[in-house]
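To keep things clear, I will list the structure first and then write my remarks on it.
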Amino acid sequence: MKYEINYKTVFVICLTLATIVFIWLFGLMGFLILLGLCLFYGIANIFIFNQLPLEPDEKFFFGFFISFALFPMLVWYVNRLIPSLRISTVIALILIVVVGLIMKRKKKKEDDEK
Amino acid sequence: MKHEEYILLTLLFLLGLFIWTLPIQDNPMPFGEGDSAWHFANSDAMAQYDTTFWRIPEYIGMWYYDFNKILGPNALEYPPTWHLNGALFQIISGQRVVPIFVYMAISCFIGAFSLYFFVRKLYGIEAATLAAAGVILSYKSIMVYLWGQRPSIAVFIFTPLILYSFYKFVTSFYENKTKVIYLYILSLLIVGQFLIHVMGSIQTFLIILLCTIIFAIKYKKLPLSKTLIKHYLINIILIIVLTAPFYVVYIGGSVGAIGGEISHVERLLYWFDIKHLDEYPNIGGAPLIFYDNQKNYFLGYFIFVIIGVIYLLFKREDKDLLMLGWLAGTYLSIHMDVFGLFPFHRVSRLLISETALFYALMGIGVFSFIKLIKSDSIRMILKGTAIAFFIMVLFINFGLAKDTLRDAYDGPIRLTENQYKTAEWIEKNVPHNSHIYYIGQLTYPKQRFMYVLSKSFGIYQQDPIEEYHHIDYVLIDYSDFAMVGNTNGIQFLNVWEQYMVREQKIRYYLKGEQKFYDLGGEPNLIYKENGVNLYKILK
């Protein structure tokens, strides 16, 4: 019988491994750094890049690396208007989620029309 | 990519994390040369002041005072992207030093994964794994990382993805199934790279230009059509809108960042020759070990690179032409000094990008050549031999990388906990941006980290004091000399301190000449702990 591992299992394995090593190396701070990695560079993956007509691995890699450069720029621009970096970061994350949801709704509508 | 490969990638990532953060795992004090402190300062300041900047704080701006001839003093010296990432990690973790250094480490080795993706998609898992592991263990990158010019490494993490998206877009065009999504992705990646460091963009421009020419020659037409013109225009506007605010940051920058004279034309005959440079072996910027390829790769590495190039020239499929374009573009970019476009010390930084290219060529050459062999048994034997050989090479490189990083900035050349505490005290009790004269620390980078952590501007023993207008405080640090048992040094500092208090003057040496600087007020001792004395000058 051919055994195939699904992506959710892989995701859980990878995240568990990463969590263990980050905590082993840097304790709670390590966990928070990992959380930062997932939030800052992963959230656009889930909400925006998932809606694009790309292959799954392309979505993952493009999402991560584009976020690496453009997420801080988004925060920087928000911070031109909002005088707190912390609040600007939260707003930037919310903006990504909102844009992602709009894209998802639009895509669903287009799919329904087809 | 198969799902299981993500486990391999996670393991590779964690290996990178473990090795590259070795310097900060047991000792949470900051490390690196002066540039390291400067980059740390930019991230730290954003998080500490809870704001981003268009004008950086004076205590950072004073380091390269009036660097930007258009924007004037205290202007940004880079777009804020890379530094802001560091600030975000300080904010989310609530710690000041370690999270920024962990981020810096990740940003320096993460390029291994964009390279993995690129090579994996075009040439298979064996070549991709070799290339990624080679980059993670790259001695060249590790050295630059330790010294502190970390954005120079981070900027190349985009190159493989830029190449991939360019390839997907162009080949889809020539197959009459144009996928414009890759054009938009390409633009965003180009923007991202520009926002980290402009040198990477210059190299990318050359690579993309050459690849476009190569494909246009092969298919006898440019990737242009009526419908595409609209998308090209949108993308050009997109790139300009996202990057334009920072053009002036680069254009205004001075200090020999661009320009030069046509020289050393013979360098064109070599991949990267340094022996014929006038200043050799003191070629500035980096020690000779930086150019030692046998340390970065292994003995006879170039044979495998050449096999890779021969394979590409032999096959000449689209993906092979892309690789050749990458090779040619990199070659041109690391010879820009010959044409007088950039000074050598800038061009030599681009050499970091060579590691990804060379390991990709090695992997492609060896494993793709093996695939051409028809006999199953011989192919299996050769493949097994190649894998065993490269595992051995990577194992040796792993040892070198681990030892280098583990032993980096050990002992008194690294900021001590007491010095860190002093800096924190200054940060809380002394007005920010104050001018403090430092004496006693063993190295200049240590002092620089003191400036950053205390949010003050520091003046070093060998700085021309008059240029900095005034001295608000004087810090005499006996702790380093005490740590290394240098009694003469302690005695010297003691005499120096007594003279300073008595005469209200600083005795210093500039270009071998003894000089005196009038403090203009009485020094008043305000801090005396852990071998550090801090005086406030009462004016």
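The values are calculated or read from the model by the stated rules, or taken from the named source; none is laboratory data. What you are looking at is a predicted structure, and each value in this text was computed from that prediction instead of being measured. Positions of Cβ are generated from backbone atoms using ideal geometry, with glycine treated the same way; all protein chains shown enter the neighbour counts.
Summed over segment B:312-321, the residues that are farther than 15 Å from B:I208 by Cα and either crowded, with 20+ Cβ neighbours inside 10 Å or charged (D, E, K, R) (or both) give a count of 4. If we scan segment A:76-87, do we find a residue that is part of a helix (DSSP H, G or I) and among the small types (G, A, S)? So far as segment A:76-87 goes, no, none of its residues is part of a helix (DSSP H, G or I) and among the small types (G, A, S).
Based on this model, can you work out whether A:L85 counts as among the aliphatic types (A, V, I, L, M), without any contact (Cβ under 8 Å) to a residue 40 or more places away in the chain, in contact with a Phe, Trp or Tyr (Cβ under 7 Å, 6 or more places away or on another chain) and crowded, with 19+ Cβ neighbours inside 10 Å? When the stated conditions are applied, A:L85 does not pass them. From the set of residues in segment B:17-37 that are more than 10 Å from chain A (Cβ to nearest Cβ) and surrounded by fewer than 23 Cβ atoms within 10 Å (Cβ to Cβ), which is nearest to the chain's Cα centre (by Cα)? So the residue we want is B:D35. In this entry, A:I46 passes the filter for residues that are in a helix (DSSP H, G or I), of a type in the set (V, I, T), farther than 18 Å from B:I7 by Cβ and under 17 Å from the mean Cα position of the chain (by Cα). Only one of these is in contact with a Lys or Arg (Cβ under 9 Å, 6 or more places away or on another chain) and either surrounded by 20 or more Cβ atoms within 10 Å (Cβ to Cβ) or free of Cβ contacts under 8 Å to residues at least 24 places away in the same chain (or both): A:F22, A:F71, A:F49. Name it. Every option except A:F49 fails the conditions. What about B:S165, is it at pLDDT below 95, among the polar types (S, T, N, Q) and touching a Phe, Trp or Tyr at 6+ places or on another chain (Cβ under 8 Å)? Spelling it out, it is not the case that B:S165 is at pLDDT below 95, among the polar types (S, T, N, Q) and touching a Phe, Trp or Tyr at 6+ places or on another chain (Cβ under 8 Å).
When segment B:7-16 is filtered for residues that are buried (at least 18 other Cβ atoms within 10 Å of the Cβ) and free of Cβ contacts under 8 Å to residues at least 24 places away in the same chain, the ones remaining, listed by number, are B:T10, B:L14. So B:T81 ticks every box in (1) more than 13 Å from every other protein chain (Cβ to nearest Cβ); (2) within 22 Å of the chain's Cα centre (by Cα); (3) crowded, with 18+ Cβ neighbours inside 10 Å; (4) among the hydroxyl-bearing types (S, T, Y) but one. Which box is left unticked? Answer for B:T81: the failing condition is (1).
Matching residues to (1) surrounded by 19 or more Cβ atoms within 10 Å (Cβ to Cβ); (2) farther than 21 Å from B:D26 by Cα; (3) in contact (Cβ under 8 Å) with a residue 60 or more places away in the chain; (4) not aromatic (F, W, Y):
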position	(1), (2), (3), (4)
B:D403	no, no, no, yes
B:A408	yes, no, yes, yes
B:N418	no, no, yes, yes
B:H432	no, yes, yes, yes
B:K446	yes, no, no, yes
B:G489	no, yes, no, yes
B:Q498	no, yes, no, yes
B:R507	no, yes, no, yes
B:K511	no, yes, no, yes
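Checking segment B:138-155 against the condition returns a match, with at least one residue being within 11 Å of chain A (Cβ to nearest Cβ) and in contact with a Cys (Cβ under 9 Å, 6 or more places away or on another chain). Inside segment B:87-131, residues that are away from chain A (no Cβ under 11 Å), under 21 Å from A:W24 (Cα atoms) and more than 18 Å from the chain's Cα centre (by Cα) make up a count of 0. Any residue at all in segment B:322-332 that's touching an Asp or Glu at 6+ places or on another chain (Cβ under 8 Å) and surrounded by fewer than 17 Cβ atoms within 10 Å (Cβ to Cβ)? No, every residue in segment B:322-332 fails to be touching an Asp or Glu at 6+ places or on another chain (Cβ under 8 Å) and surrounded by fewer than 17 Cβ atoms within 10 Å (Cβ to Cβ). Of B:L288, B:L238, B:L224, B:L299, all but one fail to be of a type in the set (A, V, I, L, M) and in contact with a helix residue (DSSP H, G or I) (Cβ under 7 Å, 6 or more places away or on another chain); the exception is B:L238. Here the condition is being at pLDDT below 95 and either buried (at least 24 other Cβ atoms within 10 Å of the Cβ) or in contact with a strand residue (DSSP E or B) (Cβ under 9 Å, 6 or more places away or on another chain) (or both); of B:L115, B:L137, it holds for B:L137 alone.
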